[in-house]
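Everything below concerns the one structure shown next.
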Amino acid sequence: MSSNEKPMQIPVVTIDGPAGVGKGTLAKKLAQMFEFNYLDSGAVYRALSVKALKEGIQLYDLDQLIELASQLSLEFPQQEGFAAHIDGENIDASLRSEECSSYASQVATISEVRKELLALQRRFQAVPGLIGDGRDLGTVVFPQAKVKIFLDASCEERAQRRYKQLIAQGISASFGHLFDSIRARDERDRARSTAPLVAAKDAMVIDSTKMSIETVVSSSAAYVRERLFME
Ligand code: DC
């Protein structure tokens, strides 16, 4: 590279926001459209939790948690719908249990664990580009990202969406319970001292409370195109 050539920047698009807002759906659609790599950073915390639960590691066993975090390796292959894989095995379903959600939201408050997981997440920045979703991708993991979106929606709306989704799958659910659990996770994510859930200063904030997923996807895609390819 000659001295006046700039090093190539692999484009990164971050989509942060609270639980149940549809970040994953949006990020996967964008990754498909732009043929970019995909990172579900929530799955990183969840995968660590599944392993810790399996090995009986408690939340106060910091050394063991850090050791586990340093060995974690995950993939999200596009041909498998971006489902989380470890060593070629689809582990996505095992990440969604209530036990795992609760452990993950607690393990995510430990700053040493978050620090240990940074390198793993940053390795996903690979050609031709990355679309990632989470809570702190635009603020901590990829502060230099070219495009940052913060997707929001009211707590009632997110609980309602989840309720409808479960009922449509034939799973019985209580709206009140879903609302309380979403609100509790929000509070934990927003109040923690390390990497709290907050929109990056340079993020475009989308309040999707009254928007359809199609409108959210089309306006986000137009924004990504403009920021990445037209400037
Ligand atoms: O998005 P999710 O529900 O799959 O995330 C699981 C947990 O991990 C959630 O409680 C918040 C935490 N998390 C985080 O702290 N930082 C991220 N970038 C992604 C998820």
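Per-residue ellipticity at 222 nm for the chain, helices alone: DSSP H runs ≥ 4 residues times -39500 (n - 2.57), over residue total, nearest 500 deg cm²/dmol?
Details: 9 runs with 105 residues, N = 231.
Result for the chain, helices only: -14000 deg cm²/dmol.
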Requested in this report: Would you kindly derive the ³J(HN,Hα) couplings of region 163-177 from the backbone phi angles with the Karplus curve 6.51 cos²θ - 1.76 cosθ + 1.60 (θ = phi - 60°), listing them in order in whole Hz, with x for Gly and Pro?
Outcome: 4, 4, 4, 5, 4, 4, 8, x, 9, 6, 8, 10, 4, x, 5
Query - Normalised contact order of region 129-231, rounded percent, pairs of Cα under 8 Å and 6 or more residues apart - result: 40 percent
**Report entry** Nonlocal amide H pairs with LYS148, under 5 Å, H built at 1.01 Å
**Finding:** THR14, MET204
Report task. Enter the Cα centre distance for the pair region 180-215 and region 5-69, rounded to the nearest angstrom. Result -> 16 Å
Query raised in the report: Using modelled backbone amide H atoms (1.01 Å from N, in-plane), which distant-in-sequence or interchain residues come within less than 5 Å of GLY134's amide H?
Result: ILE15, ASP16, GLY17
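Once the Cβ-Cβ distance between GLU226 and GLU156 is put in as r, and R0 is 35 Å, what FRET efficiency do you end up with, to the nearest 0.05?
Details: r = 32 Å, r/R0 = 0.91.
It comes to 0.65.
How much of the DSSP beta bridge set in the chain is antiparallel, as a percent to the nearest 5? Don't jump to the answer; show the numbers that get you there.
On the way: 3 of 20 bridges.
That works out to approximately 15 percent antiparallel.
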Query raised in the report: Using a simple spin-label model with points 7 Å from Cα along the Cα→Cβ vector, what separation in nm is obtained for GLU75 and GLU187?
Result: 4.1 nm
Report summary line: Ranked on Cβ counts within 10 Å of their own Cβ, fewest leading, VAL13, VAL224 go VAL224, VAL13
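Arrange the following residues from fewest to most other Cβ atoms within 10 Å of their Cβ: ASP87, ASP61. Walk me through the numbers on the way to the answer.
Numbers: ASP87 8, ASP61 14.
Ranked by crowding around the Cβ, least crowded first: ASP87, ASP61.
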Requested in this report: Mind giving me the FRET efficiency for ARG96 and ILE66? R0 is 25 Å, r the Cβ-Cβ distance, nearest 0.05 is fine.
Outcome: 0.50
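Please arrange PHE229, PHE82 by counting, for each residue, the other beta carbons lying within 10 Å of its beta carbon, fewest first.
Details: PHE229 9, PHE82 22.
Going from least to most buried by this count: PHE229, PHE82.
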Query - Gain upon complete extension [VAL205, LEU118; 0.36 nm per residue less C-alpha separation] - result: 28.9 nm
**Report entry** Under the Karplus curve 6.51 cos²θ - 1.76 cosθ + 1.60, θ = phi - 60°, whole-Hz ³J(HN,Hα) for region 141-147, x wherever Gly or Pro sits
**Finding:** 6, 10, x, 8, 3, 6, 10
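Quick note: the coordinates plus some simple rules give every number you see, no bench work behind them. Quick caveat: nothing in here was measured; it's all calculated off a predicted structure. Because the Cβ atoms are built from the backbone with ideal geometry, glycine has one as well, and the counts that use them run over all protein chains shown.
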